[in-house]
1. Which ³J(HN,Hα) values in Hz, rounded to whole numbers, follow from the phi angles of the range 281-295 under the Karplus curve 6.51 cos²θ - 1.76 cosθ + 1.60, where θ = phi - 60° and Gly and Pro get x?
2. So if I take the alpha carbon set of the range 125-226, get Rg, then get Rh from the Kirkwood formula, what is the Rg over Rh ratio?
3. Using Cβ contacts closer than 10 Å as the measure, can you line up Ser109, Ser64, Ser127, Ser346 from fewest to most?
4. From the backbone phi of the range 265-273, what are the Karplus-calculated ³J(HN,Hα) couplings (6.51 cos²θ - 1.76 cosθ + 1.60, θ = phi - 60°) in whole Hz, Gly and Pro given as x?
5. With a point put 7 Å past each Cα toward its Cβ, work out how far Ala210 is from Arg331 in nm, to one decimal.
6. Is the shape of the range 70-162 best called rounded, prolate or oblate, per the rule: a/c under 1.5 gives rounded, else a/b larger than b/c gives prolate, else oblate, with a ≥ b ≥ c the square roots of the Cα gyration tensor eigenvalues?
7. Considering only DSSP beta bridges with both partners in the chain, what is the antiparallel share in %, to the nearest 5?
8. Along the charge dipole of the chain, Cβ charges K/R +1 and D/E -1, which of Ile186, Val33, Ser287 sits furthest on the positive end?
Amino acid sequence: MSAALAFELPEQLEAHEPPEARGLARDEVRLMVASAHDGRIVHARFRDLPDFLERGDLLVVNTSATIPASLPAHRADGTTLQLRLSTPARTSPSEAWWVVELRSANGASPCRTVRVGDHFELPAGASAEVVAPEPFASSEARRLWVARLDLPEPLDAYLRRYGHPIRYGYVPREWPLASYQNAYSIEPGSAEMASAGRPFTPELVTALVARGILVAPLTLHTGVSSLERGESPYPERYRVPASTARLVNAVRLWGGRVIAVGTTVVRALETVAEPDGTVDEGEGWTSLVITPERGLYAVDGLLTGWHEPEASHLDMLRAAAPADLLDRSYRAALEHGYLWHEFGDSHLLLP
């Protein structure tokens, strides 16, 4: 954001619990719609989304499902920590090697005393050994490490039994994994929820399709988001199927708008996009960092949450919307009490 918009997020604007716990349906969270073509800002509810889209528009969603990626860990001296799985190690010799983050027992802060060779005891006799710094993370931050896991059963079964959803200090109590899943999530792999899609319900998707608004899937498995403030994103796994690529190209050809549901979708789709906006299928790891200078090739609009000052995602938002519109949107969100984080409110940026 611009310097004029620098702010400290008030505690009362942090969403401490799912909207369902506040007596709201998922699609009853607030939605701010900001349109670049006329500069208008409109306040609505998420279930009003079909009113702001047009027949022939395309919503692209991320079907990655959240895994219970946080495990209790103990050092030899008895210190209790949280070991959070982020992504499989990109250059790993084995599926047992993962990029991890070690945090304090309450999850409030990263552990700064981790060293190569450290061993951590995990539940049911499992263990983790730190084998190297994560090569793609900032050396100054040094929050991410490559660890070798020694587990008594396959990882997915082990996490179902002993893992917990990752949560941060603004969420004071634990919520079930279902609270961190999107309605269309089908492929487990994300350390944290691709939360822009959380307000969608099956009924809302049906209403969108009935209006002639198209929906297409892709997959990007997210890592831990605690690196967000002031640090660049690191490589993540993605897959854009051929059917989605063809549909994106068709929509652009007939003059429809391609709306990404979340920054994860933008990153995956733009990874396989050409400067002329055409896209192809693709799969692998993406290291793409989207900036205003790079711009967006295939994505016309973005449905997202609200991001904290200095968050790296804001560079992507600056590529998606004029600076003045983005500034006014964030000022309005603060003024009108929009809620931040994964259980919070939504922001639709339209061309």
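Every number in this text was worked out from the coordinates using simple rules, so none of it is lab data. Note that the structure is predicted; figures quoted are calculated from it, not measured. Quick reminder, even Gly has a Cβ in these numbers, built from the backbone with ideal geometry, and neighbours come from all protein chains shown.
1. Once rounded to whole Hz, the list reads 5, x, 7, x, 10, 10, 10, 4, 10, 8, 10, x, 5, 6, x.
2. Details: Rg = 17.5 Å, Rh = 16.8 Å.
Result: Rg/Rh = 1.05.
3. Numbers: Ser109 10, Ser64 29, Ser127 15, Ser346 26.
Ascending number of Cβ neighbours within 10 Å: Ser109, Ser127, Ser346, Ser64.
4. Each residue of the range 265-273 in turn: 5, 4, 4, 5, 5, 5, 4, 9, 9 Hz.
5. Placing both labels 7 Å beyond Cα along the Cβ direction yields 4.0 nm.
6. Oblate.
7. Details: 47 of 67 bridges.
Bridges in the chain are about 70 percent antiparallel.
8. Farthest towards the positive end: Ile186.
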